[in-house]
Amino acid sequence: MVHFDVVIPIHNISLEQLYECLFSIENQTHQEFTIYVVESQQSANSETKNMVLSRGHNYLIQSGKGVSQARNEGVAAGNSPFIAFLDGDDKWLVNHLADMDDEIEFADENYVCWWGDYMIPTPLISMKTKAEITGKTLCGDHKSYARFRPEDWKYYTIPIPLYPSASIVRRTAFEQIGGFDESWLCWEDAIFFNELAQIGLGKYVENTGCWGTIQTAGTHHTKIDGANTKEDRNYWFQKLQVSTQFPTMDNKPPEVSDEYWQDLISYCCSQHTEKYSYDIDF
């Protein structure tokens, strides 16, 4: 049975959000875990600290800023061979760790990451205007990725089909790539998963994952990191696109069919060329 270090970066979230996040972990059918809550210096307060400590968990105030640095410090505080991430305003499905444990038990050392679905309830409600948001899908389930080989996931990590809150990472792989790149002000998770994909295999796990929320200006780490505007985020997205590789017929492995590879190319090209835009005002 696997023991997980659960790393939760938080910035300016409500006690209610944090309670729901922690409860979703404490209520897991798999109970082998240690929780590390890492709060930004800008939002650190005694109420949050008391809630975390009173429930028997670890509370840290990060030494720097940014969600990458917060996650890295949380990982450094633990020592379990497998790391689970969960943002403070997300909630796991009750079977998340149990299903991941089942997959990890039979996986060889080449597997470095497992992920489930990141789901947002609909209809969405804007935290800023309280108005109902319809007609835009921010993310769905990831079953479409399951048709591709584990060794090909490096091609479709952009834009992010994997979310930290729904993912498990092998510690040795995390350390090998140096954790989250703290120089990226946003899209740090896409770069992280793409780097993992260069050194090992990943697997989508069905029927598990988390419920997510719409990040607001007050609760998102990138808002204090300097990626505040649509132009900022588009700049980082464009940088992200040129930092990753594409499948082409020239790099097709001999063991796969042309039909399979064309399917992968079509999928990846549609993902990479999709215009990224924050057209909803939160």
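The values are calculated or read from the model by the stated rules, or taken from the named source; none is laboratory data. Being a predicted model, the structure only gives us computed values, none of them experimental. Neighbour counts are summed over all protein chains in view; Cβ atoms, including those assigned to glycine, are modelled from backbone coordinates with ideal geometry.
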Margin query: I'd like to verify a number: residues in the stretch 213-231 that are under 14 Å from the mean Cα position of the chain (by Cα) and either at pLDDT 80 or above or in a helix (DSSP H, G or I) (or both), how many?
Written below: 1
Margin query: Given the criteria more than 19 Å from E182 (Cβ to Cβ), of a type in the set (V, I, T), surrounded by 17 or more Cβ atoms within 10 Å (Cβ to Cβ) and in contact with a His (Cβ under 7 Å, 6 or more places away or on another chain), does I35 qualify?
Written below: yes
Margin query: Can you go through V94, V67 and tell me which one is over 23 Å from F193 (Cα atoms) and in contact with a Ser or Thr (Cβ under 9 Å, 6 or more places away or on another chain)?
Written below: V94
Next item on the list: State whether the residues of the stretch 39-56 include one that is within 20 Å of R171 (Cα to Cα), without any contact (Cβ under 8 Å) to a residue 60 or more places away in the chain and crowded, with 19+ Cβ neighbours inside 10 Å.
Entry: no
